[in-house]
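Enquirer: Below: one structure in structure tokens.
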Amino acid sequence: MHALHRFGTTFAMIACVCGPRAASAQSEPVALVVDAGRPIRVALDARIRLQRVGQPVTATVVEPVYALDRVVIPAGARVRGHVERIDSGSTFVRARAYAGGNFSPPKHATLIFDALVLDDGREQPIDTVVKGGIPRVTRRVARGAADEPPPDASLTVRAHSEIKQKAADEITLAKQKAHDALASVRALGQPGQWQRLRDAAVQQLPYHPQYLTQGTVYDAELSAPLSFGRVEPAAAAPAGTAPAPDRILTARLAMTLDSAKTPKGTPFEAVLTEPVFSAAHELVLPEGTKLTGEVTFAKPARRFHRNGQLRFLFERIQVPGHAAAPLLGQLHAIDADADARVAVDEEGGTTIENSKTRFIAPALALLALHGSIDRDGDRHPDPDGDGTYKTNGNGVGARGVGGFFGMSALGAVTGMVARPFGIALSAYGAARTVYTNILAKGNEVTFEADTPIQVRLAPGAPPQ
């Protein structure tokens with residue numbers, strides 16, 4: 001929050017734009033329209049085995065959709081669609097899968113949602129382009145500067161700080177339960193840890209079925225606008241009303257940001273997905289208000305698993321029908337794949353955290369390689385003259401483990417049957433795991449367009 005404290009007074013500069021319409025126009029009915037291009041975030045109701053084009057799919061809306069000042073598609077609404085296309089991937093993707101012992105390369109399913117089920121049971125046709133497909137969504141909340149332990153803190157202090165931060169994150173998520181995508185996805189009954197472990201084990205087989213995981217989140221982007229009639233708008237806040245300092249706004253990114261492809265100084269845009277009201281429940285900022293800013297720091301990923309970093313700052317706001325005005329804010333939270341391990345710091349910067357267990361696989365692979373070579377079953381001369389001979393183990397287990405790191409289940413079986421293949425696969429597996437987990441380039445920070453975010457406004461006294 002350091003940068004925000006320097007600009008707390010910018011709230012006085014946005015007073016002229018915060019009041020979406022004049023008082024004289026408040027009584028005029030307005031059309032509630034969800035424009036084309038607006039994504040509807042949904043999650044699959046059940047696990048689906050990919051078999052053919054045309055398979056029916058159903059999903060649940062996990063974030064409410066607003067038009068101007070009210071909800072028009074509530075969280076919990078249902079959508080229906082089907083599998084439009086099944087793509088087996090590029091030649092490179094298939095070759096890479098075959099090299100790892102996977103003869104069922106991952107398939108990419110293109111979905112279409114064409115019907116929205118309303119509260120009264122009626123179905124409204126919709127035309128969508130479905131993007132994304134994140135199996136496990138989590139909301140990553142910025143860590144407070146006060147919660148950071150000092151660099152020279154003991155292990156106990158750091159552990160205590162980590163526990164406090166996790167507890168604070170859970171409290172924040174609980175407070176947002178009414179409109180939080182994470183809570184909605186959990187309500188759908190995502191598979192538990194045991195189910196995920198079983199699925200992961202099945203995926204190691206040379207031939208295995210392909211599934212779309214229950215709870216996988218997609219963005220169904222509207223290709224045509226949806227109209228929900230005309231209504232009396234909410235009372236507009238008086239001219240000069242600004243959002244409260246330190247207020248958290250809910251928005252979505254309007255463009256893709258990437259630590260490798262979005263250099264420092266790149267302008268970007270986000271759009272409010274929820275309206276902002278005053279304490280008197282008067283409309284201050286309608287849905288569709290634009291937030292603009294620029295990337296203030298970008299560092300691409302580097303070798304030796306050093307991950308990318310990205311920071312961006314919000315600097316201006318534009319209410320529909322008004323000129324843009326200054327407004328300072330920073331990233332407070334972002335929805336991301338749980339497996340991506342995205343971290344948000346106290347100043348809104350983002351990076352990818354490396355797993356603390358990433359050295360286990362290389363260590364096991366090297367031990368398996370050593371065991372495959374050393375335990376060759378040869379008999380050694382009797383060292384103590386008692387007429388017995390010392391024999392090393394035959395190394396079957398080590399070759400099986402090494403073969404698994406080389407080519408998954410197929411490599412494990414092949415390695416145990418034939419010693420030369422076992423040693424070769426163990427060497428291949430050790431080289432691959434060491435490169436992937438230690439020597440290779442780290443992961444880039446990438447946020448696709450339409451990613452849900454939360455923006456914390458600068459602290460300071462509200463304008464007079």
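The values are calculated or read from the model by the stated rules, or taken from the named source; none is laboratory data. Fair warning: this is a prediction, and the values are worked out from it, not measured in the lab. For neighbour counting, all protein chains shown are included, and Cβ atoms are generated from backbone atoms with ideal geometry for every residue, glycine included.
Enquirer: Identify all residues within the range 336-361 that are in a loop (DSSP other than H, G, I, E, B) and under 21 Å from residue 293 (Cα atoms); write none if there are none. Step through it out loud before you land on a result.
Expert: Looking only at the range 336-361, we keep the residues that are in a loop (DSSP other than H, G, I, E, B), and these are 341, 345-349, 353-359.
If the condition is that a residue be in a loop (DSSP other than H, G, I, E, B) and under 21 Å from residue 293 (Cα atoms), then 345, 346, 347, 348, 349 are the ones that fit.
Enquirer: Being within 30 Å of residue 233 (Cβ to Cβ), outside the structural domain of residue 141 (by TED's automatic domain parsing), of a type in the set (A, V, I, L, M) and touching a residue at least 24 places away in the same chain (Cβ under 8 Å) is the requirement here; does residue 271 meet it? Give the steps one after another, and end with the answer.
Expert: Numbers: within 30 Å of residue 233 (Cβ to Cβ): yes; outside the structural domain of residue 141 (by TED's automatic domain parsing): yes; of a type in the set (A, V, I, L, M): yes; touching a residue at least 24 places away in the same chain (Cβ under 8 Å): no.
Judged against the criteria, residue 271 is not a match.
Enquirer: If you scan the range 259-283, which residues turn out to be of a type in the set (Asp, Glu) and farther than 21 Å from residue 63 by Cα? Spell out how you get there, then give the answer.
Expert: We begin by selecting, within the range 259-283, every residue of a type in the set (Asp, Glu); these are 269, 274, 282.
Matches in the range 259-283: 282 only.
Enquirer: Can you give me the number of residues within the range 35-67 that are of a type in the set (A, V, I, L, M, F, W, C), surrounded by fewer than 22 Cβ atoms within 10 Å (Cβ to Cβ) and closer than 26 Å to residue 319 by Cβ?
Expert: The qualifying residues number 1.
Enquirer: Also, I was wondering about something else. Could you list, in sequence order, all residues of the range 276-312 that are touching a helix residue (DSSP H, G or I) at 6+ places or on another chain (Cβ under 8 Å) and basic (Lys, Arg)?
Expert: Of everything in the range 276-312, just one residue is touching a helix residue (DSSP H, G or I) at 6+ places or on another chain (Cβ under 8 Å) and basic (Lys, Arg), namely 303.
Enquirer: If you go through the range 112-132 one residue at a time, how many are under 17 Å from residue 38 (Cα atoms), surrounded by 13 or more Cβ atoms within 10 Å (Cβ to Cβ) and of a type outside the set (S, T, N, Q)?
Expert: Number satisfying all stated conditions: 11.
Enquirer: Is there a residue in the range 117-137 that is in contact (Cβ under 8 Å) with a residue 60 or more places away in the chain, more than 25 Å from residue 338 (Cα to Cα) and not in a strand (DSSP E or B)? Give the steps one after another, and end with the answer.
Expert: Filtering the range 117-137 down to residues in contact (Cβ under 8 Å) with a residue 60 or more places away in the chain leaves 124, 126-137.
Applying the additional criterion that residues be more than 25 Å from residue 338 (Cα to Cα) yields 124, 126-128.
Subset that is not in a strand (DSSP E or B): 126-127.
Yes, the range 117-137 contains at least one residue that is in contact (Cβ under 8 Å) with a residue 60 or more places away in the chain, more than 25 Å from residue 338 (Cα to Cα) and not in a strand (DSSP E or B).
Enquirer: Something else about it: Considering only the range 433-444, state which residues are β-branched (Val, Ile, Thr) and either buried (at least 20 other Cβ atoms within 10 Å of the Cβ) or closer than 15 Å to residue 262 by Cβ (or both).
Expert: Filtering the range 433-444 down to residues β-branched (Val, Ile, Thr) leaves 433-434, 436, 438.
433 - this is the single residue of the range 433-444 that is β-branched (Val, Ile, Thr) and either buried (at least 20 other Cβ atoms within 10 Å of the Cβ) or closer than 15 Å to residue 262 by Cβ (or both).
Enquirer: Is the range 385-393 home to any residue that is surrounded by fewer than 18 Cβ atoms within 10 Å (Cβ to Cβ), among the aromatic types (Phe, Trp, Tyr) and modelled with pLDDT under 75?
Expert: For the range 385-393, residues surrounded by fewer than 18 Cβ atoms within 10 Å (Cβ to Cβ), among the aromatic types (Phe, Trp, Tyr) and modelled with pLDDT under 75: present.
Enquirer: Among 292, 262, which is crowded, with 19+ Cβ neighbours inside 10 Å and of a type in the set (Val, Ile, Thr)? Steps first, answer last, please.
Expert: Numbers: 292 fails: crowded, with 19+ Cβ neighbours inside 10 Å.
None of the others qualify; the one that does is 262.
Enquirer: Something else about it: Just to be sure, is residue 297 of a type in the set (Phe, Trp, Tyr), surrounded by fewer than 21 Cβ atoms within 10 Å (Cβ to Cβ) and in a loop (DSSP other than H, G, I, E, B)?
Expert: Working: of a type in the set (Phe, Trp, Tyr): yes; surrounded by fewer than 21 Cβ atoms within 10 Å (Cβ to Cβ): yes; in a loop (DSSP other than H, G, I, E, B): no.
When the stated conditions are applied, residue 297 does not pass them.
Enquirer: Within the range 312-332, restricting attention to residues that are buried (at least 23 other Cβ atoms within 10 Å of the Cβ) and of a type outside the set (S, T, N, Q), which residue is nearest to residue 289 (Cα to Cα)? Quick ask: steps written out before the conclusion?
Expert: Let us first name the residues in the range 312-332 that are buried (at least 23 other Cβ atoms within 10 Å of the Cβ), namely 312, 314, 317, 327-331.
From what's left, of a type outside the set (S, T, N, Q): 312, 314, 317, 327-329, 331.
Values: 312: 18, 314: 13, 317: 7, 327: 12, 328: 15, 329: 14, 331: 17 Å.
Residue satisfying both the conditions and the ranking: 317.
Enquirer: Same structure, new question: Would you check if there is a residue in the range 287-296 being among the basic types (Lys, Arg) and touching a residue at least 40 places away in the same chain (Cβ under 8 Å)? Steps first, please.
Expert: Residues of the range 287-296 that are among the basic types (Lys, Arg), as a first pass: 290.
Those left that are additionally touching a residue at least 40 places away in the same chain (Cβ under 8 Å): none.
Checked against the condition, which is being among the basic types (Lys, Arg) and touching a residue at least 40 places away in the same chain (Cβ under 8 Å), the range 287-296 yields no hits at all.
Enquirer: Now for a separate question. If residue 93 passes every condition in (1) part of a strand (DSSP E or B); (2) β-branched (Val, Ile, Thr); (3) within 21 Å of residue 134 (Cβ to Cβ) but one, which one does it miss?
Expert: (1)
Enquirer: Looking only at the range 445-462, count how many residues are surrounded by fewer than 17 Cβ atoms within 10 Å (Cβ to Cβ) and closer than 18 Å to residue 308 by Cα.
Expert: The number of residues fulfilling the criteria is 1.
Enquirer: Of the residues 59, 46, which is in a strand (DSSP E or B), within 22 Å of the chain's Cα centre (by Cα), more than 30 Å from residue 411 (Cβ to Cβ) and among the hydrophobic types (A, V, I, L, M, F, W, C)? First the steps, then the outcome.
Expert: Numbers: 46 fails: in a strand (DSSP E or B).
Of the residues listed, the single one that is in a strand (DSSP E or B), within 22 Å of the chain's Cα centre (by Cα), more than 30 Å from residue 411 (Cβ to Cβ) and among the hydrophobic types (A, V, I, L, M, F, W, C) is 59.
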